[in-house]
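Step one of this worksheet: look at the structure below.
Quick note: the coordinates plus some simple rules give every number you see, no bench work behind them. Remember, predicted model here, so these are calculated numbers, not experimental data. Cβ: placed from backbone, ideal geometry, glycine included. Neighbour counts: every protein chain shown.
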Protein chains: 2
Amino acid sequence: MGLKYSKDYTVSYFDADVNSNMKLPNLMSVALEVSGEQSSVLGRSDKYLIDTYGCAWVVLEYKFEITRLPVYEEKLKIVTEATSYNKFFTYRDFVYYDQDGQELVKISSTWSLMNLQERKIENITDEIVAPYHSEKLNKLVRGNKYKKIENYTIEHPYSVRFYDLDINGHVNNTKYFDWLVDVLDDQFLTDYEPTTMYFKYIKEIHYGSQVESKVLVEDSTTYHEIYTGSEKNAQAEIIWRKRNK
Amino acid sequence: MGLKYSKDYTVSYFDADVNSNMKLPNLMSVALEVSGEQSSVLGRSDKYLIDTYGCAWVVLEYKFEITRLPVYEEKLKIVTEATSYNKFFTYRDFVYYDQDGQELVKISSTWSLMNLQERKIENITDEIVAPYHSEKLNKLVRGNKYKKIENYTIEHPYSVRFYDLDINGHVNNTKYFDWLVDVLDDQFLTDYEPTTMYFKYIKEIHYGSQVESKVLVEDSTTYHEIYTGSEKNAQAEIIWRKRNK
């Protein structure tokens, strides 16, 4: 329903993992660059939002549907669209296409608008989102219902690094994907590839924090939680399938 | 003396650190992309080298001379040139320019050719490097003479992550810069900016290793060593200056 914005992209050497697949954090960050460009083109850059409203978009949830991960040197088209919104949330899709126009990855995302001074969520006005031509909804879109995890198969500590911080001094949410993936062992990551991922951002992580990445592995689904101390900062579920090798 | 190859680049949100400066690993990886493109254009892609000679280029040393770090959203021109070579080494420069043509960063690098099967250094033949029009030298270019470090100001452990591995299963050498920088505290990294960096790659680090990043801080110079157990894998020296704020 919303205006679409697209960009061509070629998977770089530094985007690719040992399986030649585009890394999940890079998949997300490249997509977010494209939506940032759309916002700038439509006169709704991050800087404009801060200067005019004192607000910034914060991501709440992602859903990845992966038909096939892009591979090293592959030429892609990334299309993004702010599909719809209601008073509390906006919804944006990102789709990666291959050169034949086949859909490789679809990322659905849910956002809210944060008042940076007061650190609280603002209502979304028609004015702010008007340029995107998104559909106005009177209902909320249901997110994933996460499994309650009683015990974990693997836990691993990570410290937040200086380069994990973005310009705004926050740990960028794409960095969480590093901790989610890394806690799994390399044999698993070589034998399996992700097909679906749900990710929910709960609470900001600060520089200097010690992060615990915890995972319950059940058959080909992994249930993840990211903690700092007793605080749950994020959770995720990833459904995997055996790689064809 | 060699053929020059250049590319325009805009610093992305994900390239930038909390000071809005382009991160050192990104500065290096973007530059390396450009030289990879040049090699492909000249018929000397990584794949060609492996298929034809069973060899790959491995970096030995970098020297960064930083007039000013690129900043978020800055439009840059990156120029690379394989300047010269001798029997054992090739020398390549990368220069980042701003929109006014001012030099921001110059990276000089030294490479050798590794036989991947035998894991040993090969002699460099004229045939391999001919397309670059590099100058043939009969002497070696002197690298930095590193200070012998007796004791360290700070030491910090890092584990090698799955996403630190590149397509070839090696820890990419740009990842070392993460460990070099991160061991310094954030106050130092906010107060100071790098002006010169020497980096020497000594020995490959494997997945699953525990890395120790050690640094001696003396005035505005930091002396770095990267260890796995008792093995020294890399060393670096960085000269910093107070940031104008």
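A few remarks follow.
- Anisotropy class of the range A:135-205 from Cα gyration tensor, a/c 1.5 cut: oblate
- The range A:154-242: equivalent-ellipsoid semi-axes (sqrt of 5 x gyration tensor eigenvalues, Cα, Å): 23, 13, 12
- With both residues required to sit in the protein assembly as shown, DSSP beta bridges show an antiparallel share near 95%.
- Electrostatic tally near B:VAL79: other residues with Cβ closer than 15 Å to its Cβ, Lys and Arg +1, Asp and Glu -1, net -3.
- Per-residue Karplus couplings for the range B:10-21, computed as 6.51 cos²θ - 1.76 cosθ + 1.60 with θ equal to phi - 60°, are listed in order as 10, 5, 8, 4, 7, 7, 9, 8, 5, 8, 6, 8 Hz, Gly and Pro entered as x.
- In chain B, the DSSP beta bridges split such that about 95 percent are antiparallel, to the nearest 5.
- Each other copy places its own label point for B:LYS136 at 7.5 nm from this one, sorted shortest first, where the point lies 7 Å along the Cα-to-beta carbon line.
- Equivalent-ellipsoid semi-axes of chain B, from the Cα gyration tensor, Å, largest first: 28, 23, 17
- Partner lysines for B:LYS242 [C-alpha distance under 28 Å; skip if fewer than 8 residues away on the same chain]: A:LYS47, B:LYS23, B:LYS63, B:LYS75, B:LYS77, B:LYS106, B:LYS145, B:LYS147, B:LYS148, B:LYS175, B:LYS200, B:LYS214
- Two-decimal log10 I(q)/I(0) for the range B:64-160, as the Debye equation yields it once each C-alpha is a single scatterer, q = 0.16, 0.21, 0.23 Å⁻¹: -0.93, -1.04, -1.09
- With label points defined 7 Å past Cα in the direction of Cβ, position B:LEU3 shows copy-to-copy spacings of 4.2 nm, given to one decimal and shortest first.
- Shape summary of the range B:4-136, radius of gyration then Dmax from alpha carbon positions: 15.6, 47 Å.
- Cross-link partners of A:LYS203 among aspartates and glutamates (Cα-Cα below 18 Å; sequence separation of 8 or more within a chain): A:GLU61, A:GLU118, A:GLU122, A:ASP164, A:ASP166, A:ASP178, A:GLU212, A:GLU225, A:GLU231, A:GLU237
- The range A:207-245 and the range B:19-93 have Cα centres separated by 35 Å.
- A helix-only calculation puts chain B at -5000 deg cm²/dmol for mean residue ellipticity at 222 nm, using -39500 (n - 2.57) for each DSSP H run of at least four residues, averaged over all residues.
- The loop-placed trypsin sites (Lys or Arg not before Pro) in the range A:104-198, going by DSSP, that have at most 14 neighbouring Cβ atoms within 10 Å of their Cβ come out as A:ARG119, A:LYS139, A:ARG142, A:LYS145, A:LYS147, A:LYS148.
- Sorted from nearest, the other copies put their B:LYS106 label points 5.3 nm away, the label point being 7 Å from Cα in the direction of Cβ.
- Label-zone membership for the range B:159-184, site B:GLU204, 7 angstrom Cα→C-beta point, backbone N under 20 Å: B:159-177
- Percent of Cα-Cα distances greater than 38 Å, calculated over the protein assembly as shown: 28 percent
- Shielding by partners - mean other protein chain Cβ count within 10 Å, residues of B:157-164: 6
- Using 0.36 nm per residue and subtracting the Cα-Cα separation, the extra length available between A:GLU118 and A:SER40 on full extension is 25.6 nm.
- Sequence-distant lysines (8 or more away, or on other chains) whose Cα lies within less than 18 Å of B:LYS139: B:LYS87
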